[in-house]
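A quick write-up on the structure given underneath.
The values are calculated or read from the model by the stated rules, or taken from the named source; none is laboratory data. Since the structure is predicted, the reported quantities are computational estimates derived from the model, not experimental observations. FYI the Cβ positions are ideal-geometry reconstructions off the backbone, even for glycines, and counts take in every protein chain you see.
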Amino acid sequence: MRTLAGDIQSVVVLTGAGISAESGVPTFRGEDGLWRQYRAEELATPAAFHRDPRLVWEWYDWRRGLIAECMPNAAHHALARMEERVPDFALVTQNVDGLHHLAGSRNIIELHGNIWRMRCMRGCRPKWEDRTVPLPERPPHCPSCGALTRPDVVWFGEALPTEALEAAWRASERCHLMLIVGTSAAVHPAASLPLVARQAGATIVEINPRPTPISHLVDEILREPAAVALPHWWARVVSGG
Ligand code: BV8
Ligand code: ZN
């Protein structure tokens, strides 16, 4: 595989819940990911929120409480170091946990929003950050107008933020290398980005202990946990290995 020497100036890293697994954040579709008897696809939807905002907020409040105790792991930190060495680096994440930001990554494209950001259902004010755990009331209400507040995340059936998706698409079209770390590649349109990179001739590396529907597309597979594989892979590349 080509190294990050001169010929690889542009890198995209696509991350999913698996990169945060070793930080203690449950994944969505693994055995540890289920919350009570619900699946993410049943709760992370506008219909579920309309039907029972309290239940959906119970889920988010529980996740926020969990994530608040979690720290970035060696994989998050390896990506922050990589960004300093690569001239054109984009970190495209499906995660909403904010751990990449905590690890010091800067050019982060959040495809599915952020669990620490809130927005008023009436849109009466700009989105705001709220790290209160646990929430004083569920569901929370807008401090300005009293309307229901929702987490600023993308639910199933909702369009991804246009700017974020376009930036991720453009970065995937121009990259020489794409790392896919800890995603089941089950959710679209995020799962289409590796195809875009491959069609543009990029080298694709998958870091995931388990096979995924895009494993057959990649040039190199590291079947290990991200916190082990990523720092080792990056050290090998930096040493010219
Ligand atoms: C849209 C935010 C259109 C909220 C999330 C049929 C075919 C194709 C698409 C569809 C379809 N039917 C419906 C759709 C569309 C749908 C979709 O893709 N559904 C899937 C389930 C089939 N997509 C949408 O609805 C999207 N919107 O299409 O809109 C549109 C256009 C215009 C106008 C209106 C509408 C919106 C999708 C976003 C949904 N929001 N989350 C929240 O978090 O609460 S999705 C959720 O899944 C998370 O964001 C998560 O990031 C994402 C993907 O999951 P993963 O991150 O991959 O996590 P998962 O648990 O699945 O896998 C973990 C992986 O890690 C595993 O592979 C495991 O092996 C690995 N792992 C475990 N431990 C480790 C590890 N790896 C490394 N190291 C370890 N230690
Ligand atoms: Zn409001």
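For (1) away from ligand 1 (no atom under 16 Å from the Cβ); (2) at pLDDT 95 or above, each residue gets a yes or a no:
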site: P87; (1), (2): yes, no
site: A103; (1), (2): no, yes
site: R106; (1), (2): yes, yes
site: L111; (1), (2): no, yes
site: R117; (1), (2): no, yes
site: C120; (1), (2): yes, yes
site: C142; (1), (2): yes, yes
site: V154; (1), (2): no, yes
>> Looking at the structure I just gave you, is A164 more than 16 Å from ligand 2 (Cβ to nearest atom), touching a strand residue (DSSP E or B) at 6+ places or on another chain (Cβ under 7 Å) and not hydroxyl-bearing (S, T, Y)?
In response: yes
>> From the list A191, A200, A167, exactly one residue is aliphatic (A, V, I, L, M) and more than 19 Å from the chain's Cα centre (by Cα). Which is it?
In response: A200
> Counting only residues that are touching a residue at least 60 places away in the same chain (Cβ under 8 Å) and more than 22 Å from P26 (Cβ to Cβ), how many does region 203-232 have?
Replying inline: 5
> Within region 105-128, is even one residue within 16 Å of ligand 2 (Cβ to nearest atom), in contact (Cβ under 8 Å) with a residue 12 or more places away in the chain, farther than 27 Å from G18 by Cβ and touching a Leu at 6+ places or on another chain (Cβ under 6 Å)?
Replying inline: yes
> Within region 125-139, is there a residue that is at pLDDT 95 or above, within 13 Å of ligand 1 (Cβ to nearest atom) and surrounded by 15 or more Cβ atoms within 10 Å (Cβ to Cβ)?
Replying inline: no
>> For region 200-226, give me each residue that is within 28 Å of W155 (Cα to Cα) and assigned to a helix (DSSP H, G or I).
In response: S215, L217, A226
> Only one residue in T27, T93, T45 is within 15 Å of T183 (Cα to Cα), among the hydroxyl-bearing types (S, T, Y) and modelled with pLDDT of 95 or more. Which one?
Replying inline: T93
> What's the number of the condition L34 fails, among (1) within 27 Å of L91 (Cα to Cα); (2) exposed (fewer than 15 other Cβ atoms within 10 Å of the Cβ); (3) modelled with pLDDT of 90 or more?
Replying inline: (3)
>> Take the residues in region 204-223 that are surrounded by 19 or more Cβ atoms within 10 Å (Cβ to Cβ) and polar (S, T, N, Q); name whichever of them is nearest to E22 (Cα to Cα).
In response: N208
> List pairs: first in region 143-161 and of a type in the set (A, V, I, L, M, F, W, C), second within 8 Å of ligand 2 (Cβ to nearest atom), Cβ under 6 Å, 6+ apart or cross-chain?
Replying inline: C145/R122; C145/C124; A147/C120; A147/M121; A147/R122; L148/M121
